Each structure stands twice: as C-alpha cells, then as structure tokens.
1. Under 5 Å between amide hydrogens, which residues at least 5 positions from residue 68 or on another chain qualify, with H placed 1.01 Å from N in the peptide plane?
2. Name the residue, out of 65, 94, 15, whose mean-square fluctuation peaks in a Gaussian network model built on the chain with Cα pairs under 10 Å.
3. Sort 89, 63 so that the residue with the fewest other Cβ atoms within 10 Å of its own Cβ comes first and the one with the most comes last.
4. Convex hull over the Cα atoms of the chain, averaged projected area in nm²?
5. With +1 on the Cβ of every Lys and Arg and -1 on the Cβ of every Asp and Glu, and nothing else charged, how large is the dipole of region 29-102 about its Cα centre, in debye rounded to the nearest 20?
6. Mind listing the long-range amide H neighbours of residue 96? Cut-off is under 5 Å, sequence gap 5 or more, other chains count too, H placed in the peptide plane at 1.01 Å from N.
7. Considering only the chain, what is the antiparallel percent among its DSSP beta bridges, to the nearest 5?
8. At most 16 other C-beta atoms within 10 Å and a DSSP loop state: those are the exposed trypsin sites (Lys or Arg not before Pro) I care about. Give me the longest piece of the chain that has none.
Amino acid sequence: MVDSFSVRLDRGIVGRVGGEEFALFLTDFTDQKSFNEAERFRKLVQDQLFTVYEDTPIPLTISMGIAHSKKRGITFEELYQHADEALYSSKKAGKNKVTLNVLTET
C-alpha cells in the first residue's frame, strides 16, 4: 500500500493520514455540495467491481465523514477532529455511509 500520498487540488488538498484513512480538505464548497459529492463518490466505489488474485471479484465500500464550517479562525485540528468523529459515526452506523457534521458559528 501507499506509504505517503498527497495531492494538491485547485481548491484543496488530499492526503493519506494513516492506515486506510485519507483526508480531503476543500474550500468554496457548501455543506450540501460536499455531502452530495461524497455520496456520489461513495456510490461510484460501491458500484465498481474490483478484482484480485485470479480475477476474483470483491466488493469495496467506503465510509466518509465530513466536517463543514464557515467559522472564521477554526483550526485545522478542530476541523479534522470533527471530520474524524463524523467518519466513526459512519462506521458505527453500518459502514458504506457518508456523515456530515456541520459546525455552528459559536
């Protein structure tokens, strides 16, 4: 597997944060657009058939957690923590899910 991985995007960055977990940070996305894009990607992965040894097909699913905030001054660590909590909510809810955590401005 990949030891380290990161890619810069026009409006964000994606990178491997450990194990089988990747983080994607984007700007200029609404919470609903973020959720819709994540859900679209989740379905694409779910519907794709992957093959391994001797062309044995295996199902692959992904769980995602999204944290969205318009709060000024929020730190990377805070946002990442909320996304991580959303990810584990997806896993706890049965996996192959997207969970959105919208942070309020308080």
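Every number here is computed from the coordinates shown, using simple stated rules; none is lab data. Values in this document were obtained by computation on a predicted structure and should not be read as measured data. Using ideal geometry, Cβ is built from the backbone for each residue, glycine included, and neighbour counts are taken over all protein chains shown.
1. It is 101, 102, 103, by chain and number.
2. Result for the chain, Cα springs under 10 Å: 94 fluctuates most.
3. Details: 89 15, 63 21.
Least crowded to most crowded, the residues run 89, 63.
4. Values: hull surface 31.4 nm².
Answer in nm², one decimal: 7.9.
5. On the way: 11 positive and 10 negative charges, 75 e Å.
That gives region 29-102 a dipole magnitude of about 360 debye.
6. Sorted by chain and number, the residues that satisfy this are 62, 63.
7. Values: 13 of 18 bridges.
Counting only bridges with both partners in the chain, antiparallel ones make up about 70 percent.
8. Details: sites that count: 11, 70, 71, 72, 95.
Counting at most 16 other Cβ atoms within 10 Å as exposed, the longest clean stretch of the chain is 12-69.
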